[in-house]
1. Using only the alpha carbons of the chain, determine the length spanned along each of the three principal axes and report them from longest to shortest in whole angstroms.
2. Excluding same-chain pairs closer than 8 in sequence, count the lysine pairs in the chain whose Cα atoms lie under 19 Å apart.
3. For the chain, take the longest principal axis of its alpha carbons; what is the angle in degrees between that and the long axis of helix 30-47, to the nearest 10 within 0 to 90?
4. If each residue's Cβ is checked for other Cβ atoms within 10 Å, how do 84, 42, 7 rank with the fewest at the top?
5. Tell me, what is the percent relative contact order of the chain, built from C-alpha pairs under 8 Å that lie six or more residues apart?
6. Treat every Asp and Glu Cβ in the chain as -1 and every Lys and Arg Cβ as +1, leave all other atoms uncharged, and give the resulting dipole magnitude about the Cα centre to the nearest 20 debye.
7. Which is the longest run of the chain containing none of the GluC sites (Glu not before Pro) found in DSSP loop states (not H, G, I, E, B) with at most 11 other C-beta atoms within 10 Å?
8. Tally Lys/Arg at +1 and Asp/Glu at -1 over every other residue whose Cβ is under 15 Å from the Cβ of residue 99; what's the total?
Amino acid sequence: MRMLRWFCGHTRKDRVRNEVIRDRIGVAPIEEKLTQHRLRWFGHVQRRPPEAPVCNRVLERVDNVKRGRGRPKLMWDESVKRDFKYSNISKEIALDRSA
């Protein structure tokens, strides 16, 4: 955001909102980019053959592992499931590279 503010000629003291600056320059929010990259990587891993070093088997978790106390950390597959739900797309679309 500092670089984008510099492009527009604004400082933090100007009190211009981040959304206004992103719209003016035409940059997508970082959350959308992270979601896009996560889903792209998911499709890449799903399309790999089973004998590849990184394949679908790597994504499977062992459920009998004791996890620590407190709030559990967000796992990668949980964030991918949330991205699917948020984007209203299915796993089959992730496997289609052109989509």
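1. 53, 42, 26
2. Values: 33/81; 33/85; 33/91; 73/81; 81/91.
Step by step, the pairs that qualify in the chain add up to 5.
3. 20
4. Working: 84 18, 42 21, 7 12.
Least to most surrounded, the residues fall as 7, 84, 42.
5. Over the chain, the number comes to 25 percent.
6. Working: 25 positive and 13 negative charges, 123 e Å.
The calculation lands at about 580 debye.
7. Working: sites that count: 51, 60.
That would be 1-50.
8. Working: positive: 40, 47, 91, 97; negative: 83, 92, 96.
Here the count lands on +1.
The numbers here are math on the coordinates, done by the rules we state, and not lab data. Since the model is a prediction, treat every value here as computed from it, not as a measurement. All Cβ positions, even for glycine, are placed from backbone atoms using ideal geometry, and neighbour counts span all protein chains on display.
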